[in-house]
C-alpha cells in the first residue's frame with residue numbers, strides 16, 4: 001500500500017513538472033496569467049468554503065457535545081480553549097512560525113517580492129477555524145485573504161512568473177477570498193487593488209475579475225449560505241442629515257477601533273510569558289462574551305437579530321439588566337457592545353488567536369447604525385429606516401478602519417442585492433474615511449508597518465520605491481583610511497579618486513568618521529602640516545548611517561530631513577559603503593518611467 005502511494009506521488013510530481021514545462025514553453029505569459037487567475041479563484045473559493053464549513057461544524061458540534069455531557073459551564077471557557085488550540089497547532093505543526101493579519105502580507109509584497117510561504121494556507125485555515133469556531137471575537141475574512149494570497153503567490157512561483165505577475169496572482173487570491181465569503185465579486189476586486197495593489201492596469205483588472213467571479217460561482221454552487229441577508233429600501237431626502245451624523249459617528253468609531261486595537265495588543269505583548277498572556281487575555285475575553293453574548297464569534301447572527309427588529313428577543317439575550325426602562329437599557333447595551341467589540345477582538349488576537357478586523361468592523365458599523373435609528377426613534381424626532389442605517393453603518397466603519405471607501409460602498413451595495421443605497425453609502429463612507437484619515441494617517445493594516453519605519457507616499461510612488469533596496473544602491477569605490485593615519489596619506493590619494501568623500505574606518509571595520517574635500521581645503525596647500533595633523537583630528541564624526549537591510553523609506557526620510565547628499569551604509573555595524581541622493585533618485589525615476597510604460 002505504501003509503495004503504491006509513493007508511486008502515485010511520484011507520477012503526480014512527474015505530471016506536474018510536465019504541465020509546468022509545457023505551459024512555460026508553449027503558452028505566452030498573458031494567457032498563463034488568465035488561466036492561473038481561474039485556478040487561483042477556484043482554489044481560493046474552495047478554501048473559503050472549507051473554512052466556513054469548519055467553523056460551522058465546530059460551533060454546532062460543540063453545542064451538541066455540551067448538551068450531551070450536560071457541561072454548560074465549559075461554554076464559558078470556549079473562546080479560551082479555541083485560542084489555546086490555535087497556539088498548540090502553531091507550536092506543534094508549524095514550528096512557531098506564524099503571523100496574523102494583512103499587515104504581514106502587505107510587507108511581503110513591498111519587501112519580499114510577494115513570496116507568501118505555502119504553510120500559510122493550512123496554518124491560517126486551522127487556527128482561524130479553531131479561534132472563530134469556539135467564539136473568538138474576530139472574522140474569517142483576513143485569514144481567507146491570506147490563504148488566497150498564498151495560493152496565488154505559490155502558483156505564480158510554479159510557473160516562474162516575475163514579481164509583477166506574482167503580485168497580481170496574489171491579489172487575485174485575496175479578491176477571490178473576499179468574493180467567496182460575501183458572494184460579492186466586485187467588492188473582492190476593489191478590496192484587492194484598494195488595500196493590496198499599488199496600481200491597476202486593464203489587464204490586471206481583468207485577471208482580478210475572472211478570479212473573483214470564479215470564486216463566487218464555486219462558493220455559491222457548493223455553499224449556498226452567506227453571513228447575512230439584507231433587505232433594504234430606497235432612501236429619502238429628509239434622512240440625509242441623519243446619514244451625515246452617522247458618517248461622523250462611524251469616523252470617530254473607526255479612529256477608536258484602530259487606536260484601541262494597537263493599545264490593547266501592545267499591553268498584551270508586554271507580557272513575555274506566552275502562557276500568562278494567553279490565560280489573562282483569554283479569560284478577559286470569556287468574561288466579556290459571558291456578559292455580552294453578541295460578542296461571540298463573527299457576530300453576523302447578532303446583526304441578523306438587529307435586522308429582524310425583534311428587540312424583546314435581543315434584550316432578553318443579555319445578562320446585564322438595569323432598573324431603567326427598556327429603551328434606556330437597550331441604548332446603554334448597544335453603546336457597550338460598540339465600545340467593547342474592538343476590545344474583545346484585540347484580546348482574541350493578542351492572546352494568540354487568529355482572525356481579522358473586517359467582521360468586527362461590519363458588526364460595529366451595524367450597531368452604530370442601529371443606535372442612531374433607535375435614539376431618534378425614542379426621542380420622537382424622526383422615524384428612520386432601520387435596515388438602511390444598519391447596512392450603511394457597516395460600510396461606514398469598514399471604510400474608516402481599512403481606509404478603503406470604495407470597498408465599503410461596493411461590498412454593502414452587493415450584499416444588499418442592489419444599489420438603491422449608493423448615495424447614502426457614498427456620504428457615510430466618505431465622511432468616515434476623511435475623519436479616520438485625519439486622526440490616523442495610516443489604516444489598521446499599514447499602521448503597524450509605519451511604526452516599523454515603512455512609510456507610504458502616493459500609491460504610484462509606493463510601487464516604484466518598493467522595488468529599491470539599500471543593498472542595490474550601495475557604492476563601495478571609496479578610499480578608506482584609518483583614524484591614526486597622517487594627513488599626507490590622504491592627500492596623496494586625492495588625485496587618484498573621483499570621490500570627494502573619504503570614510504574613516506577603525507581596526508574593527510567600523511566607520512568612525514568621514515572626511516570631505518571641504519574639510520581639508522584650508523590645509524591642503526600647506527605641506528608642512530602633512531606629517532603633523534592626524535586624520536582623526538579633521539574627520540567629521542557627525543554622519544548619517546543606515547543598515548544595509550534597512551528600509552529604503554528611512555533613507556529617503558534622512559535625505560529629505562537632514563539635507564545630506566550621502567548616507568553611510570553599515571552591515572552588522574561595520575562599514576559597507578555609501579548611498580547617494582542622486583543615485584537613489586535616478587533609480588527611482590528610472591523605475592517610475594518603466595512602470596508607466598509597462599503593461600502587466
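The values are calculated or read from the model by the stated rules, or taken from the named source; none is laboratory data. Everything quoted here is computed from the prediction, not taken from an experiment. Neighbour counts run over all protein chains shown; Cβ positions are idealised from the backbone, glycine included.
Checking 575, 536 one by one, the residue that is in contact (Cβ under 8 Å) with a residue 12 or more places away in the chain, over 33 Å from the mean Cα position of the chain (by Cα) and in a strand (DSSP E or B) is 575 and no other.
Candidates are the residues of segment 110-120 that are buried (at least 20 other Cβ atoms within 10 Å of the Cβ) and modelled with pLDDT of 75 or more; the one that is farthest from residue 166 (Cα to Cα) is 120.
Does segment 517-543 hold any residues that are surrounded by fewer than 15 Cβ atoms within 10 Å (Cβ to Cβ), under 30 Å from residue 468 (Cβ atoms) and in contact with a strand residue (DSSP E or B) (Cβ under 9 Å, 6 or more places away or on another chain), and which are they? Of everything in segment 517-543, those that are surrounded by fewer than 15 Cβ atoms within 10 Å (Cβ to Cβ), under 30 Å from residue 468 (Cβ atoms) and in contact with a strand residue (DSSP E or B) (Cβ under 9 Å, 6 or more places away or on another chain) turn out to be 517, 540, 541, 542.
For segment 295-316, check the following and say yes or no: at least one residue is in a helix (DSSP H, G or I) and at pLDDT 85 or above. Within segment 295-316 (the criterion being in a helix (DSSP H, G or I) and at pLDDT 85 or above), the answer is yes, since at least one residue qualifies. Checking the structure you have, find out if any residue of segment 366-384 is at pLDDT 90 or above, surrounded by 24 or more Cβ atoms within 10 Å (Cβ to Cβ) and within 27 Å of residue 129 (Cα to Cα). Among the residues of segment 366-384, at least one is at pLDDT 90 or above, surrounded by 24 or more Cβ atoms within 10 Å (Cβ to Cβ) and within 27 Å of residue 129 (Cα to Cα), which makes the answer yes.
Each residue in segment 550-582 was checked for being surrounded by fewer than 16 Cβ atoms within 10 Å (Cβ to Cβ), within 20 Å of residue 512 (Cα to Cα) and at pLDDT below 85, and 3 of them qualify. Just checking, how many residues over segment 263-292 are surrounded by 20 or more Cβ atoms within 10 Å (Cβ to Cβ) and either outside any helix (DSSP H, G or I) or in the same structural domain as residue 135 (by TED's automatic domain parsing) (or both)? Looking only at that region, the number is 1. Among the residues here, residue 101 qualifies as assigned to a loop (DSSP other than H, G, I, E, B), surrounded by fewer than 24 Cβ atoms within 10 Å (Cβ to Cβ), touching a strand residue (DSSP E or B) at 6+ places or on another chain (Cβ under 9 Å) and at positive phi.
Is it true that some residue in segment 251-258 is under 27 Å from residue 427 (Cβ atoms), assigned to a helix (DSSP H, G or I), assigned by TED's automatic domain parsing to the domain that holds residue 412 and modelled with pLDDT under 85?
For segment 251-258, residues under 27 Å from residue 427 (Cβ atoms), assigned to a helix (DSSP H, G or I), assigned by TED's automatic domain parsing to the domain that holds residue 412 and modelled with pLDDT under 85: absent.
Every test in (1) surrounded by fewer than 24 Cβ atoms within 10 Å (Cβ to Cβ); (2) at pLDDT 80 or above is passed by residue 188 save one, and that test is (1). Of all residues in segment 495-516, those satisfying the criterion of being more than 47 Å from the chain's Cα centre (by Cα) and within 19 Å of residue 577 (Cβ to Cβ) are 496, 497.
Scanning segment 133-183 for residues that are farther than 16 Å from residue 47 by Cα, in a loop (DSSP other than H, G, I, E, B), over 16 Å from the mean Cα position of the chain (by Cα) and touching a residue at least 24 places away in the same chain (Cβ under 8 Å) returns 134, 135, 136, 137, 159, 160, 161. If the condition is being in contact with a helix residue (DSSP H, G or I) (Cβ under 9 Å, 6 or more places away or on another chain) and not in a strand (DSSP E or B), then segment 500-527 contributes 500, 517, 519, 520, 523, 524, 527.
If you go through segment 482-498 and keep only what is part of a loop (DSSP other than H, G, I, E, B) and either closer than 12 Å to residue 575 by Cβ or touching a strand residue (DSSP E or B) at 6+ places or on another chain (Cβ under 9 Å) (or both), you end up with 482, 483, 484, 485.
For residue 217, the conditions (1) at pLDDT 80 or above; (2) crowded, with 19+ Cβ neighbours inside 10 Å are fulfilled apart from (2).
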